[in-house]
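Take a look at the structure below.
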Amino acid sequence: MKIFKHAAKYWYFYLIAFVAMIGSILLDMASPMVTKKIVDDVITDGNTKILMSLLIAILAIGFGRAVTQYVKEFLFDKVSITVGSELRRELFEHIQGLSVSFFDKNNTGELMARVKDDIDKIWNAIGFVGMLAIEGIIYTVSVLVCMVTLSPVLTIIPVIVLPIVGYTAIMLEKKIDVVYGDISEENARLNTVAQENLAGVRTVKAFARERYEIKKFKEHNERYCELNLKQSKTLIRYYPNISFYTRFLLIAVVLVGGLLTIDGKMTLGDLSAFTQYANNIIWPMEILGWLCNDIASGVASSRKIKKIFDEEAEIKDSDKAVDMSDCKGEINFENVTFELNDATILSDISFKVEPGKTIGIMGMTGAGKTSIVNLLERFYDVKSGSIKIDGKDVRDIKLNDLRKNISVVMQDVFLFSDTIMENISIGSKGIITQDAICESARAAKASDFIDKLKEQYDTVIGERGVGLSGGQKQRISIARAIAKNAPILILDDSTSALDMETEYEIQREIEALKGVTKMIIAHRISAVKNADEIIILDEGRIAERGSHDELMKKKGLYYDTYVAQYANYAE
Ligand code: DUT
Ligand code: MG
């Protein structure tokens, strides 16, 4: 398990902390013995000479305990915080490395709960709680040993009471464990609802769905509340039992011990020391339920995290994956078929784009255009057939190299909450100059509006680029793709939010990029008209293909679209 691997690295801290813990326990055991000496030797026998040294011993014990406790707790905390943050980082890295299909199946809220809450629980369990558990065990055993040396007969009482408390605590833990699992699930759901709502606040408002969404949130919130109440009710049902047994222990010890002292079977000092031990043995028992509870949730959390760690990236570098440093940009789809959740998305797609040439892809929405891009970028793998770049199967190219060579303007633009500069240079960090960024923005017709902003390229754009218009966001994302300067450039419906004139100007800029293979996906004829080949997709198949002129002569789907789009001009 990863947690132990991380924790093992800090064994020396654990060792020092453990030594400090043992020191502190030994001092705790010594304290009642001093009391015994004071009662028996000083008070009963009147030996006042040793009183001073005994008082000094009490002070020394107090001081020693303070130091050892501090060292122990600080080190346990330090290690658990370090291990927790290392584990969190590793989990985040692992999640980042997973394939797109993993994110299709898991929602953000749940993953966020894993990265945040579950790691917190683990860190709690291996830190503070774990320390108390170990200390509790050693403590209890040591106290029992000391008790036996004082009076084996009287020790029978705690020996009987302890297992009863232990049993009650275990029963409690079992009940709690079930509720705890539900709570954690509900917590993740609550997170999802809140996260989706906040991210999609505009949609919610636009459809006047606030009431419904609040209701939905309320339901989850109530369920969360109910489960927590259930947990608390379970605790309340068992805790009074535990505290009854512990009180009973003390009273029984004083009573039976008193009788034994009167009979002369033990001294008054023995009894005082024994009572003190009996008092000391209570805390590990009292927190047993809570400890089990927290450890149980730590275990539950680590199981969930393990499940994510066990997930393997479906798409990863094969053993024979090669570099692709000098990519020319030839794209070749050979009889590609693609399935997603048992539905056929693309069938028998073949086309070839020579380096520097342009392919246009059109088709109704849902026809499979974006899927072609997803396959080329290897977000998913083909079912059959193959996709080659410069004659190499994409499955045999290192993923990083493959994606480095493709510059894509995605259909749904995502901008980070960062400066425009950062957002544009995202694919070319460290290699691109400021001038080149401005040049890319100019080519994407974004520089006009950026220059007008108060802080220009240093303007921070909000979450998902709030504060910019749809067309402005599209232009930033086009600038980002141009700045990446890759041999293959893909535009997936990237000018849909732009006016015809801006679209035309950007097209001219893109056409002027020499030596770059281009794939232009669009709904407007104007965007693909000049492409070397245009393919029309229909329900995942190529329905028509050819140059603009050829397709016009065919008088098929392309021609119909042309007529529909240019009818107004003709009139
Ligand atoms: N599809 C899925 N899951 C996804 C993405 C797509 O099942 O995560 C399906 C929906 C659709 C088909 O794949 O029936 C093709 O989708 P694609 O996104 O490739 O369609 P498009 O041609 O890009 O449509 P649009 O013009 O709306 O972008
Ligand atoms: Mg699409």
FRET efficiency, 1/(1 + (r/R0)^6) with R0 35 Å, evaluated for Arg303 and Glu354 via beta carbons: 0.10
Computed lengthening from Thr108 to Arg89, 0.36 nm per intervening residue step minus Cα-Cα distance: 5.2 nm
Theoretical FRET efficiency, 1/(1+(r/R0)^6), r = Cβ-Cβ of Phe217 and Asp177, R0 25 Å, to 0.05: 0.35
Simple spin-label estimate for Asp310 and Glu455 in nanometres, 7 Å along Cα-Cβ: 4.6
Using θ = phi - 60° and Karplus 6.51 cos²θ - 1.76 cosθ + 1.60, couplings along region 490-503 (whole Hz; Gly, Pro as x): 10, 10, 9, 6, 8, 10, 4, 8, 9, 6, 3, 5, 4, 4
Relative contact order (%) - region 335-458, alpha-carbon pairs under 8 angstrom, separation at least six: 18
Estimated 222 nm signal from helices in the chain, with DSSP H stretches of n ≥ 4 weighted -39500 (n - 2.57), rounded to 500: -20500 deg cm²/dmol
Spherically averaged projected area in nm², based on the convex hull that wraps the Cα atoms of region 385-442: 5.8
Extension gain, His523 back to Leu229 (0.36 nm per residue minus Cα-Cα distance, nm): 100.3 nm
Angle between the chain longest axis and helix 557-570 axis [Cα atoms, degrees, rounded to 10]: 70
Kirkwood-based Rg to Rh ratio, region 452-523, C-alpha trace: 0.98
Dmax and Rg, reported as Rg then Dmax, of region 11-129 (C-alpha, Å): 24.5, 82
Stretchable slack from Ile164 to Arg209, in nm (0.36 nm times residue separation minus alpha-carbon distance): 10.7 nm
Whole-angstrom gap from region 276-345 to region 22-74, using each part's C-alpha centre: 51
Ser496 versus Asp396: modelled label distance in nm, points set 7 Å from Cα along the beta carbon direction: 3.6
Sequence-separation-based contact order of the chain, relative, with Cα cut under 8 Å and 6+ spacing, percent: 14
Violating pairs (Cα-Cα greater than 25 angstrom) within the set Lys121/Lys316; Lys383/Lys429; Lys452/Lys514; Lys404/Lys514; Lys445/Lys518; Lys105/Lys307: Lys121/Lys316; Lys383/Lys429; Lys452/Lys514
Net +/- balance of residues flanking Met500 in space, Cβ distance below 14 Å, scoring K and R +1, D and E -1: 0
Crossing angle, helix 268-280 versus the chain [Cα axis fit, 0-90 degrees, rounded to tens]: 10
Net +/- balance of residues flanking Gly329 in space, Cβ distance below 10 Å, scoring K and R +1, D and E -1: 0
Table column - 3J(HN,Hα) (Hz), region 177-188, Karplus curve with 6.51, -1.76, 1.60, x for Gly and Pro: 4, 4, 4, 4, x, 4, 4, 5, 4, 5, 4, 5
Under 13 Å, Cβ to Cβ, from Lys398 - net charge with Lys/Arg +1 and Asp/Glu -1: +1
Equivalent ellipsoid, the chain (semi-axes from 5 times Cα gyration tensor eigenvalues, Å): 73, 24, 22
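Throughout, read-outs are computed from the coordinates displayed, never taken from laboratory work. Computed from a predicted structure; not experimentally measured. No Cβ is skipped: glycine too gets one built from the backbone with ideal geometry, and neighbour counts run over all protein chains shown.
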